[in-house]
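Peer 1: Please find one structure pasted underneath; my questions will follow.
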Amino acid sequence: MKNEMNVKIRKRLEALRDEILKVIGWSETASGGGGAMDEIDQANELIEKEMGFLMSSNMINNLKEVEEALGRIDKKEYGKCQHCGAEIAAKRLDVLPFARFCVPCQENLESNNL
Ligand SMILES: [Zn+2]
């Protein structure tokens, strides 16, 4: 893969990481809120907390993926399938910049997990 391409991808991954950090920060401040409210508001608050938790745990996962992808750029392993070593299609990396596996391997892994 060309160096110029790596710079672009690194920028995209770093922007993604910033975005995730922002979202995680938001969910922390949102759950710290208090004050008087009626029962309906309390129920809504609970749902929001739940959603915030689900979102942030997912986000932390994504954050790990993004950081690993950045590490792979440094090791010049970015864009290669971690399973079979084949180049991951550029289209796939465009949709999922932190993809670790090529499409056939991803599908294999997913069907094995079921
Ligand atoms: Zn593969």
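Peer 1: What does the highest-first list of 89-96, 9-16 look like by mean Cβ count within 10 Å?
Peer 2: The most tightly packed comes first, giving 9-16, 89-96.
Peer 1: Collect residues whose amide H, placed 1.01 Å from N in the peptide plane, falls under 5 Å from the amide H of ALA89; neighbours closer than 5 in sequence don't count.
Peer 2: Residues meeting the criterion, in which the H sits 1.01 Å from N, are VAL103.
Peer 1: Which value, in Å² rounded to 10, gives the accessible area of GLU87 with a 1.4 Å probe and all protein chains present?
Peer 2: In the full protein context, GLU87 sits at about 120 Å².
Peer 1: Please calculate the 1.4 Å probe accessible area of ILE47, with all protein chains present, and give it to the nearest 10 Å².
Peer 2: Surface accessible to solvent at ILE47 totals approximately 100 Å².
Peer 1: Measure up LYS22/LYS49; LYS8/LYS49; LYS49/LYS91; LYS8/LYS76; LYS22/LYS76; LYS8/LYS75 against 24 Å on the Cα-Cα distance and list the ones that go over. Before the final figure, lay out each step's value.
Peer 2: Details: LYS22/LYS49 17 Å; LYS8/LYS49 36 Å; LYS49/LYS91 36 Å; LYS8/LYS76 14 Å; LYS22/LYS76 28 Å; LYS8/LYS75 16 Å.
Check vs 24 Å cut-off fails for LYS8/LYS49; LYS49/LYS91; LYS22/LYS76.
Peer 1: So, one more: According to a simple spin-label model (label point 7 Å from Cα along Cα-to-Cβ), what is the distance in nm between MET55 and LYS75?
Peer 2: Between LYS75 and MET55, the label points sit 3.3 nm apart.
Peer 1: Another question, if that's okay. Quick one: plug the Kirkwood hydrodynamic radius of the chain (C-alpha pairs) into Stokes-Einstein at 4 °C, 1.567 mPa s, and report D in µm²/s. Could you put the intermediate results ahead of the total?
Peer 2: On the way: Rh = 16.3 Å.
Using the Kirkwood radius from Cα pairs, D works out to 79 µm²/s.
The values are calculated or read from the model by the stated rules, or taken from the named source; none is laboratory data. All values reported here derive from a predicted model rather than from experimental measurement. Counting neighbours? That spans all protein chains shown, and the Cβs are built from the backbone with ideal geometry, glycine included. Just so you know, the surface numbers come from the protein's heavy atoms only, side chains and all, with ligands and any DNA or RNA stripped out. Shrake-Rupley method; radii C 1.70, N 1.55, O 1.52, S 1.80 Å.
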